[in-house]
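*Asks:* Structure incoming, see below.
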Amino acid sequence: MYITKNAELINIDADFDKAVQKAKKNYLEGSVFIYPTDTIYGFGANPFNSEAVKRIDEIKHREPGKMYILLINSIEVLLKYIEIKSEKHLDFLLSIWPNPVSVVLTLNSKTSEILGTETAAFRIPNHRFCVKLTSELQMPIISTSVNRSSQPPLLDPSVIVDEFSSELDAIFYSEKKCYYEASTLIDLSDSVPILIREGKIKFDDILEKFQKS
């Protein structure tokens, strides 16, 4: 197990730009951290850093190899990593993002080889800190719920600190309320969207956008 003395605690509201730069540094150095998103708090790291991914698996007591959601800032960045099956799919993604909707897509051969999987879930978040951080990085960042496997997500920063501060490098938090609801997760690796998990955005509304795109 990886143990740190105590995670650095950073209030993103106190100095927003400084917090973003600290998170960027953590990401580039292969660290694991917690940060607020457009849904719930998430563990964050570079998905292409196998040691960082392993640390998250161990912290969460999660079986290795399971898929993590990846946050990005734009369709342009997304297209570096995936194969788009049709213009309709691209139009659909443009119509639903930024929003708490995560979409499983087919990876291109290079990304698939690196990550060891054929698909991955992506989302463009509607959250200032996430957008700024992913814009600075121009790379995907892992976002997975802050909890041990099979346990409910932790939503209160003070509880998160008590539970995980000895196992992380940094905890970024906000005094503003989180949305407290996971993203809707759909699979678009085939021709039509398939619901995996319904969150704040209703699947019927997503299907309507797909039909119009």
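The values are calculated or read from the model by the stated rules, or taken from the named source; none is laboratory data. The shown structure was predicted, so the numbers you read here are calculated from the model rather than taken from an experiment. Cβ sites come from the backbone with ideal geometry, for glycine too, and all protein chains shown count toward neighbours.
*Asks:* Where residues in region 5-35 are out of contact with any helix residue (DSSP H, G or I) (no Cβ under 9 Å at 6 or more places or on another chain) and of a type in the set (Lys, Arg), which of them is surrounded by the most Cβ atoms within 10 Å (Cβ to Cβ)?
*Replies:* Filtering first and then ranking leaves 22.
*Asks:* Kindly list, by first and then second residue, each pair from a residue in region 33-49 that is over 10 Å from residue 171 (Cβ atoms) and touching a residue at least 40 places away in the same chain (Cβ under 8 Å) to a residue that is part of a loop (DSSP other than H, G, I, E, B) and aromatic (Phe, Trp, Tyr), limited to pairs with Cβ atoms under 6 Å and residues at least 6 apart or on different chains.
*Replies:* 39/179
*Asks:* Which of the residues spanning region 159-213 are in a loop (DSSP other than H, G, I, E, B), among the charged types (D, E, K, R) and over 20 Å from residue 127 (Cα atoms)?
*Replies:* Within region 159-213, 169, 190 qualify.
*Asks:* Output the number of residues of region 185-213 satisfying the condition of being free of Cβ contacts under 8 Å to residues at least 24 places away in the same chain and under 22 Å from residue 145 (Cα atoms).
*Replies:* Looking only at that region, the number is 6.
*Asks:* Okay, moving on. Which ones in region 162-206 are at pLDDT below 95 and of a type in the set (A, V, I, L, M)?
*Replies:* Passing the criteria: 168, 182, 192, 201.
*Asks:* Six or more apart or on different chains, Cβ atoms under 9 Å: show the pairs whose first residue is in region 90-103 and among the acidic types (Asp, Glu) and whose second is in a helix (DSSP H, G or I).
*Replies:* 91/212
*Asks:* So, of the residues in region 46-79 that are more than 21 Å from residue 118 (Cβ to Cβ) and hydrophobic (A, V, I, L, M, F, W, C), which turns out to be farthest from the chain's Cα centre (by Cα)?
*Replies:* Per the criteria, the residue is 59.
*Asks:* Residue 182 fails exactly one of the following numbered conditions: (1) of a type in the set (A, V, I, L, M, F, W, C); (2) out of contact with any strand residue (DSSP E or B) (no Cβ under 9 Å at 6 or more places or on another chain); (3) touching a residue at least 40 places away in the same chain (Cβ under 8 Å). What is the number of that condition?
*Replies:* (2)
*Asks:* Hey, does region 119-141 have a residue that's in contact with a Gly (Cβ under 6 Å, 6 or more places away or on another chain), within 21 Å of residue 64 (Cβ to Cβ) and surrounded by 19 or more Cβ atoms within 10 Å (Cβ to Cβ)?
*Replies:* Yes, because at least one residue in region 119-141 is in contact with a Gly (Cβ under 6 Å, 6 or more places away or on another chain), within 21 Å of residue 64 (Cβ to Cβ) and surrounded by 19 or more Cβ atoms within 10 Å (Cβ to Cβ).
*Asks:* List every residue pair whose Cβ atoms sit under 8 Å apart, with the two residues 6 or more apart in sequence or on different chains, where the first one lies in region 148-159 and is free of Cβ contacts under 8 Å to residues at least 60 places away in the same chain and the second, anywhere, is part of a loop (DSSP other than H, G, I, E, B).
*Replies:* none
*Asks:* Where residues in region 130-158 are of a type in the set (Gly, Ala, Ser) and outside any strand (DSSP E or B), which of them is modelled with the highest pLDDT?
*Replies:* 135
*Asks:* Then there's this: Are any residues in region 48-64 in contact with a Gly (Cβ under 8 Å, 6 or more places away or on another chain) and either at pLDDT below 95 or outside any loop (DSSP other than H, G, I, E, B) (or both), and if so, which ones?
*Replies:* Within region 48-64, 51, 52 meet the criteria.
*Asks:* Quick one: in region 163-182, which of the residues that are among the small types (Gly, Ala, Ser) and within 11 Å of residue 35 (Cβ to Cβ) is surrounded by the most Cβ atoms within 10 Å (Cβ to Cβ)?
*Replies:* The qualifying residue surrounded by the most Cβ atoms within 10 Å (Cβ to Cβ) is 170.
*Asks:* Can you find a residue that is touching a strand residue (DSSP E or B) at 6+ places or on another chain (Cβ under 6 Å) and not aliphatic (A, V, I, L, M) anywhere in region 48-67?
*Replies:* Looking for residues that are touching a strand residue (DSSP E or B) at 6+ places or on another chain (Cβ under 6 Å) and not aliphatic (A, V, I, L, M), one finds none in region 48-67, hence no.
*Asks:* Residue under question is residue 213, and the condition is that it be closer than 18 Å to residue 98 by Cα and in contact with a strand residue (DSSP E or B) (Cβ under 7 Å, 6 or more places away or on another chain); does it hold?
*Replies:* Against the criterion (closer than 18 Å to residue 98 by Cα and in contact with a strand residue (DSSP E or B) (Cβ under 7 Å, 6 or more places away or on another chain)), residue 213 does not qualify.
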